[in-house]
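Working notes, structure below.
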Amino acid sequence: MNFLKTLFWVLVAVVVTFFSYRNWAPVTLNLWDDIQADIKIPVLLLVFFLLGFLPTWLWMRAKLWTYRRRIDALERSRAPPISAAAVAEHEEVAE
């Protein structure tokens with residue numbers, strides 16, 4: 001299964017590299033009235049990909065952090081309490 005995942009990512013990298021090589025041309029963006037920006041197409045695509053990906057990734061990480069905190073709290077609440085007799089017995093064995 002790891003081989004297929006690696007093969008998939010290698011193919012994606014090859015396609016992105018080929019696309020970037022073939023489209024490495026400047027594009028003029030008309031931003032506002034007379035403000036223009038010259039940017040390469042692959043760089044433009046990367047910027048917009050990150051603008052869409054990063055908020056979603058940050059939201060997912062925040063949800064995972066919340067779920068981990070909930071699971072840790074539930075595990076702590078289910079742990080059996082240590083009785084004084086068990087502590088005293090442990091101390092006797094250690095001596």
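The values are calculated or read from the model by the stated rules, or taken from the named source; none is laboratory data. What you see is a predicted model, and the numbers here were worked out from it, not measured in a lab. Every residue, glycine among them, receives a Cβ derived from its backbone with ideal geometry; neighbour counts consider all protein chains shown.
Within segment 1-47, the set of residues being touching a Lys or Arg at 6+ places or on another chain (Cβ under 9 Å) and part of a helix (DSSP H, G or I) comprises S20 only. Within the set K5, K40, the sole residue that is surrounded by fewer than 10 Cβ atoms within 10 Å (Cβ to Cβ) and among the charged types (D, E, K, R) turns out to be K5. The set of residues from segment 10-23 being of a type in the set (A, V, I, L, M, F, W, C) and closer than 17 Å to F49 by Cα comprises V12, A13, V15, V16, F19.
Just checking, does segment 75-95 include any residue being modelled with pLDDT of 90 or more, part of a helix (DSSP H, G or I) and surrounded by 10 or more Cβ atoms within 10 Å (Cβ to Cβ)? No, because not a single residue in segment 75-95 is modelled with pLDDT of 90 or more, part of a helix (DSSP H, G or I) and surrounded by 10 or more Cβ atoms within 10 Å (Cβ to Cβ).
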